Amino acid sequence: MYTITTKMFPDMILFQVTGKVLLPNAIQFQEEIAQLFEAQKVYEGCIDLSEMEKMDNSGIGALVSLSDHFIKEGRFISLYSPKEEIKELIKSIGIEKFFTIYDTKQELRHHSLSEAS
């Protein structure tokens, strides 16, 4: 199970995700993020993975599907602070180049502020 809360920036919506995204709930996770992002007219949706307990290949697949869907609309999905286990899974699958990954709050804030000006 997981929970999603959102925080708005001028140019981005931040999805703060806690819990686990695994095979049984990956499609629901993908649909919820897509619905929340669709409702906003911002360029970037950033998924905060800093409190994610666990994510398997299905969860990673949901991230890729979200990215693919929104790229077609001229928008994109980025990731914030994935735990080392999730970062290694992303790298082992070979999809790290599909996402901008912010490792620190400073990087995330800097991006948001520079995009707003």
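The values are calculated or read from the model by the stated rules, or taken from the named source; none is laboratory data. Because the structure is predicted, anything quoted here is derived from the model rather than measured. As a convention, Cβ positions derive from the backbone with ideal geometry for all residues, glycine included, and neighbour counts pool all protein chains shown. For the accessible areas, the whole protein counts, side chains as well, though only heavy atoms, and no ligand, DNA or RNA atoms are used. Shrake-Rupley method; radii C 1.70, N 1.55, O 1.52, S 1.80 Å.
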Query raised in the report: Does the stretch 57-80 contain at least one residue that is of a type in the set (Ser, Thr, Tyr), open to solvent by less than 30 Å² (accessible area, probe 1.4 Å), modelled with pLDDT of 95 or more and closer than 17 Å to residue 3 by Cβ?
Result: yes
Query - Given (1) within 12 Å of the chain's Cα centre (by Cα); (2) modelled with pLDDT of 95 or more; (3) open to solvent by less than 10 Å² (accessible area, probe 1.4 Å), index of the condition residue 26 fails - result: (1)
Query raised in the report: Which one of these does residue 37 not meet: (1) in contact (Cβ under 8 Å) with a residue 60 or more places away in the chain; (2) not in a strand (DSSP E or B)?
Result: (1)
Query raised in the report: When you scan the stretch 94-110, how many residues do you find that are touching a strand residue (DSSP E or B) at 6+ places or on another chain (Cβ under 7 Å) and either touching a residue at least 60 places away in the same chain (Cβ under 8 Å) or aromatic (Phe, Trp, Tyr) (or both)?
Result: 3
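Here's the yes/no breakdown for (1) of a type in the set (Ser, Thr, Tyr); (2) closer than 19 Å to residue 8 by Cα:
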position: 45; (1), (2): no, yes
position: 53; (1), (2): no, no
position: 56; (1), (2): no, no
position: 66; (1), (2): no, yes
position: 69; (1), (2): no, no
position: 72; (1), (2): no, no
position: 85; (1), (2): no, no
position: 91; (1), (2): no, no
position: 102; (1), (2): yes, yes
Query raised in the report: Is it true that some residue in the stretch 72-85 is free of Cβ contacts under 8 Å to residues at least 60 places away in the same chain, assigned to a helix (DSSP H, G or I) and under 12 Å from the mean Cα position of the chain (by Cα)?
Result: no
**Report entry** Residue match in the stretch 97-114 (condition: touching an Asp or Glu at 6+ places or on another chain (Cβ under 7 Å) and modelled with pLDDT of 95 or more)
**Finding:** no
